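Structure first, then comments.
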Amino acid sequence: MWRLDVFGDVAGAWVQLLFGWLLAVFVLMLPMVLLRDALWLPLRLLGSGARWRAFLHGMGLARAIAMASVLLATVGVANGLKPPQVRERELALQTLPPELDGLRVAVLADIHASPVKGAWRTQRIVDDVLAAKPDLIVLPGDMVDGPVAGNAVNVAALAALQAPHGVWLAPGNHEYYSDYAAWMAHFRQMGLGVLENQTATLDIKGRTLAVSGVGDPAFHRGGLARGGIAPDIPAVARQARGSDFHLLLAHQPKLAGEAAASGAVTLQVSGHTHGGHILGMDRWLVAPFNDGYVRGDYRVGAMTLYVSPGAGQWDGFSARLGVPASIDVLVLRRDDRARPSAQPPSRRQRR
């Protein structure tokens, strides 16, 4: 109904939030119900523990589970809506030129600006980014939810972003759902460096840093996508040829395998997963749908992948528990001993 614009921009955003909260209630209720039944079933099969069986399937425990689910979902949605915090971390890279050591890269992924979150939240994000004094700002997709006409005011603050080496944006799947061409044109009018299978070459202390952005796999999602382009990693690999360091913005981390196989990308920065939203759900549900990647840094062949937890999330599922939203400031460090903090469980990706 959201995709068909049944409710309109503003009402549709609030309806998404309501049903997203309800979905979170049931997502959180499911493991508790499964645990209850796992305790009840052996007692039932053995024909013992009548009092325990009555307690496990009694109304008292059922009410407690329901109340706990409602409370946790409400706290989770509140966590998801509040502004993200700046989180600075060093990212050690084996092939980083010494001249780029200490480069500060601010990552703003998955803002998902909407009438629910409002313009004030985006302004708060921009203020916090500028206070962190990054050398480079990158936005790897999902900046918005909804068309330009009803949502431009909620991203207007992004025009104030500035850094010595520029502000660069690549599209995410939600831009495809919200009139891709209109948003890319609007972002350019705002002064953002939009990269649609394109590469920008930066000269930093005599070294060449290539920043590329590619399209999103949502291009292939039939009627859901409203315009857009398919990702073209070979195209940006050609454009970045000869650079000393190649930073790729690819919204979905599942593109890491192809990017690493190209041999032309040093660091891929992605979002999309929102860090997995909820502890437990992050590893068991979100990671498997993203080739094992959920948040943090990974080694994929000779390439490093960084997956941001995101600065926001879609109103249709805003809950966060144990996985806070963040504005990531990556401090790039040269380290010949560098090792990633995690390895994805996907056997195909490890190859």
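The values are calculated or read from the model by the stated rules, or taken from the named source; none is laboratory data. Owing to the predicted nature of the structure, the values given are computational and were not obtained by experimental measurement. Glycine also receives a Cβ, built like all others from the backbone with ideal geometry; neighbour counts cover every protein chain displayed.
Per-residue answers, yes or no, for (1) touching a Phe, Trp or Tyr at 6+ places or on another chain (Cβ under 9 Å); (2) over 30 Å from Leu202 (Cβ atoms); (3) outside the structural domain of Val153 (by TED's automatic domain parsing):
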residue	(1), (2), (3)
Leu28	no, yes, yes
Ser69	yes, yes, yes
Thr95	yes, no, no
Glu99	no, no, no
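Residue under question is Leu41, and the condition is that it be modelled with pLDDT under 95, in a helix (DSSP H, G or I) and surrounded by 12 or more Cβ atoms within 10 Å (Cβ to Cβ); does it hold?
Yes, satisfied.
Can you find a residue that is hydrophobic (A, V, I, L, M, F, W, C), modelled with pLDDT of 95 or more and under 15 Å from the mean Cα position of the chain (by Cα) anywhere in the stretch 286-298?
So far as the stretch 286-298 goes, yes, one or more of its residues are hydrophobic (A, V, I, L, M, F, W, C), modelled with pLDDT of 95 or more and under 15 Å from the mean Cα position of the chain (by Cα).
For the stretch 274-281, check the following and say yes or no: at least one residue is assigned to a loop (DSSP other than H, G, I, E, B), touching a residue at least 40 places away in the same chain (Cβ under 8 Å), of a type outside the set (D, E, K, R) and touching an Asp or Glu at 6+ places or on another chain (Cβ under 8 Å).
Checked the stretch 274-281: no residue is assigned to a loop (DSSP other than H, G, I, E, B), touching a residue at least 40 places away in the same chain (Cβ under 8 Å), of a type outside the set (D, E, K, R) and touching an Asp or Glu at 6+ places or on another chain (Cβ under 8 Å).
Which one of Ala256, Ala264 is surrounded by 20 or more Cβ atoms within 10 Å (Cβ to Cβ), farther than 30 Å from Thr74 by Cα, free of Cβ contacts under 8 Å to residues at least 60 places away in the same chain and assigned by TED's automatic domain parsing to the domain that holds Thr201?
It is Ala264.
Would you mind telling me which numbered condition in (1) without any contact (Cβ under 8 Å) to a residue 40 or more places away in the chain; (2) surrounded by fewer than 24 Cβ atoms within 10 Å (Cβ to Cβ) Ile137 fails?
So the condition that Ile137 fails would be (2).
Out of Gly227, Gly242, Gly292, Gly316, which single residue is out of contact with any His (no Cβ under 7 Å at 6 or more places or on another chain), assigned by TED's automatic domain parsing to the domain that holds Gly146 and part of a helix (DSSP H, G or I)?
None of the other options fit; the residue is Gly316.
With the condition kept exactly as written, say whether any residue in the stretch 146-161 is at pLDDT 95 or above, under 20 Å from the mean Cα position of the chain (by Cα), part of a strand (DSSP E or B) and under 22 Å from Val331 (Cβ atoms).
no
State yes or no: is Asn79 in a helix (DSSP H, G or I), of a type in the set (S, T, N, Q), closer than 26 Å to Pro217 by Cβ and touching a residue at least 40 places away in the same chain (Cβ under 8 Å)?
no
Of all residues being in contact (Cβ under 8 Å) with a residue 12 or more places away in the chain and among the hydrophobic types (A, V, I, L, M, F, W, C) in the stretch 53-67, which is surrounded by the fewest Cβ atoms within 10 Å (Cβ to Cβ)? Just the residue, please.
Ala66
Which one of Leu247, Leu169, Leu202, Leu139 is in contact with a helix residue (DSSP H, G or I) (Cβ under 7 Å, 6 or more places away or on another chain), closer than 30 Å to Leu96 by Cβ, aliphatic (A, V, I, L, M) and not in a helix (DSSP H, G or I)?
Leu169
Each row is one residue, and each column tells you yes or no for (1) closer than 30 Å to Ala131 by Cα; (2) assigned to a helix (DSSP H, G or I); (3) not charged (D, E, K, R).
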residue: Phe7; (1), (2), (3): no, no, yes
residue: Val25; (1), (2), (3): no, yes, yes
residue: Arg63; (1), (2), (3): no, yes, no
residue: Ser69; (1), (2), (3): no, yes, yes
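Residue check: is Glu90 within 25 Å of Ala240 (Cβ to Cβ) and part of a helix (DSSP H, G or I)?
For Glu90, the condition - within 25 Å of Ala240 (Cβ to Cβ) and part of a helix (DSSP H, G or I) - is not met.
For Ala181, are the conditions met, namely being over 18 Å from Asp145 (Cα atoms) and in the same structural domain as Ala163 (by TED's automatic domain parsing)?
When the stated conditions are applied, Ala181 does not pass them.
Do we have Ala182 as small (Gly, Ala, Ser) and under 30 Å from Phe289 (Cα atoms) here?
yes
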